[in-house]
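Written out below as structure tokens is the structure these notes cover.
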Amino acid sequence: MKVGFVGLGNMGTAMANLIASNGHAVTGWEHDGDVVEEINVGHRNSRYLPGIVLNPELRATAELSEALEDSEVVFIAVPSAFISKTLGTVRDEVSEETILVNLAKGIDRDTGLTSFQTLLSLFPRNRAVMLSGPSIANEVSRMMPTVVVLAGKDRRDLTVVSRIMDNGYFRTRFSDDGTGVELGGIMKNIYAIGLGMFDGKEIRSVNFRSAYLTMALEEMAEMGTRLGARRETFFYLSGLGDLIATSLSEHSHNRRMGELLAGGLNLEEIRRRMGILPEGYNAAQSILYLAEKLHVPMPLAKNLWDVINGRFEVEKFISLFIKDFIEEEQAGEET
Ligand SMILES: NC(=O)c1ccc[n+]([C@@H]2O[C@H](COP(=O)([O-])OP(=O)(O)OC[C@H]3O[C@@H](n4cnc5c(N)ncnc54)[C@H](O)[C@@H]3O)[C@@H](O)[C@H]2O)c1
């Protein structure tokens, strides 16, 4: 099958290489010309996926139309901030028959749309699938066992996508709760920033982290349910699974942002160092806006937002966490 990719960064290259290794012809568009050349000539992507020799069936191009033309399935693997700009100009170049698979996990700051909603608004006639779950790209490229979730309206589309991805170390599971699957991946990025801050401050308590992650998952499920997702979706791969993966992985951009904040860098310095602010930043802003509108309490996310914006220190976040938690429990006992 002919498969296209939009973005051969860390995730795009890992997934494109997986599919090429499964025997499919993969053409990926990449913004960075040096990366295009290195993939085609040396079968490596040392900028985004160092140390991995890529399958020669993976071809890179600087022409977006080459990745889109005649592709039966096209994966979108640029960060959410680049989706509209990158794909907005090629709306007519994607066949209506093409299945689009979204790998991005973010919210567009200007429109408030999730990455999947942005994709649907750009290509309203195409079938689209959301892929999410614990899938650290560096691990996929090293053939480590990985299970993700595919969500979409039509099970036949999920089957097409699973057939080109599944192999001895990579498996897909299906869900019909696209909203829940996507929101899990978006919201866990907010809490991963917190984990990075604890690492940066050398706050290593496993008791605290476990309580923090439990409360984070609860907040995600509460908010997600209000936004139309099914609660149980958050307690599976794309919620709990992805939250754990991002919290444990040294490769998470969002966790890294937290470490840099704890190290004293401000948002502008982090933006310069990382190129763009990781997706958890916009996600926090948009989700908190919605939480206020819908009267959903999200004390963890709200307090994280205050730390991110320099209104108070990580230590105060932890003392508030204990205080809020104890007061909430006591209030519950009194009722
Ligand atoms: N890395 C992971 O392990 C992982 C896992 C699951 C999901 N994701 C999701 O995949 C998406 C991509 O993440 P990533 O980690 O691969 O990012 P990355 O930082 O490794 O790659 C960035 C990509 O964006 C492109 N880009 C940079 N500037 C651009 C511009 N001005 N216009 C268009 N494109 C530009 C780069 O060329 C590259 O292809 C994100 O939404 C992320 O949430 C990543």
Once every DSSP H run of n ≥ 4 in the chain is given -39500 (n - 2.57) and the sum is divided by its residues, what mean residue ellipticity at 222 nm do you get, rounded to the nearest 500 deg cm²/dmol? -15500 deg cm²/dmol
Bounding extents of the range 2-176 in its principal axis frame from Cα atoms, largest first in Å, are 37, 33, 30
Can you list the residues, at least 5 places off or on another chain, whose amide H is less than 5 Å from the amide H of ARG127, using H built in the peptide plane? LEU100
What is the order of GLU250, GLU222, GLU38, fewest Cβ neighbours within 10 Å to most? GLU250, GLU222, GLU38
Excluding residues fewer than 8 places away in the same chain, name every one of the aspartates and glutamates whose C-alpha is closer than 20 Å to that of LYS323. GLU218, GLU219, ASP306, GLU313, GLU315, GLU333, GLU334
So the angle from the long Cα axis of helix 33-42 to the longest Cα principal axis of the chain, reported in degrees to the nearest 10, equals 60 degrees
Which of the aspartates and glutamates could be linked to LYS105 by a straight reach, that is with a Cα gap under 13 Å, when you skip same-chain ones fewer than 8 residues away? GLU182, ASP242, GLU279
Round to the nearest 10 and give me the degree value, 0 to 90, for the angle of helix 279-294's Cα axis relative to the longest principal axis of the chain. 60 degrees
By count of other Cβ within 10 Å, fewest leading, how are VAL36, VAL101, VAL314 ordered? VAL314, VAL36, VAL101
Relative to the longest principal axis of the C-alpha atoms of the chain, give the angle of the C-alpha long axis of helix 206-226, reported between 0 and 90° and rounded to the nearest 10°. 70 degrees
Sort THR89, THR118 so that the residue with the fewest other Cβ atoms within 10 Å of its own Cβ comes first and the one with the most comes last. THR89, THR118
Taking θ as phi - 60°, what are the ³J(HN,Hα) couplings along the range 174-189 by the Karplus curve (6.51, -1.76, 1.60), each to the nearest whole Hz, with x for Gly and Pro? 10, 9, 9, 9, x, 4, x, 4, 5, 5, x, x, 6, 6, 4, 4
As straight-line cross-link partners of LYS316, the qualifying lysines (C-alpha separation under 24 Å, not fewer than 8 residues apart within one chain) are LYS188, LYS201, LYS302
Inter-part distance where the range 237-287 and the range 9-66 are each reduced to a Cα centre, Å: 25 Å
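Every read-out reported here was derived from the displayed coordinates using simple, explicitly stated rules and does not represent laboratory data. Owing to the predicted nature of the structure, the values given are computational and were not obtained by experimental measurement. When we count neighbours, we look across all protein chains shown, and the Cβ atoms used for this are built from the backbone with ideal geometry, even at glycine.
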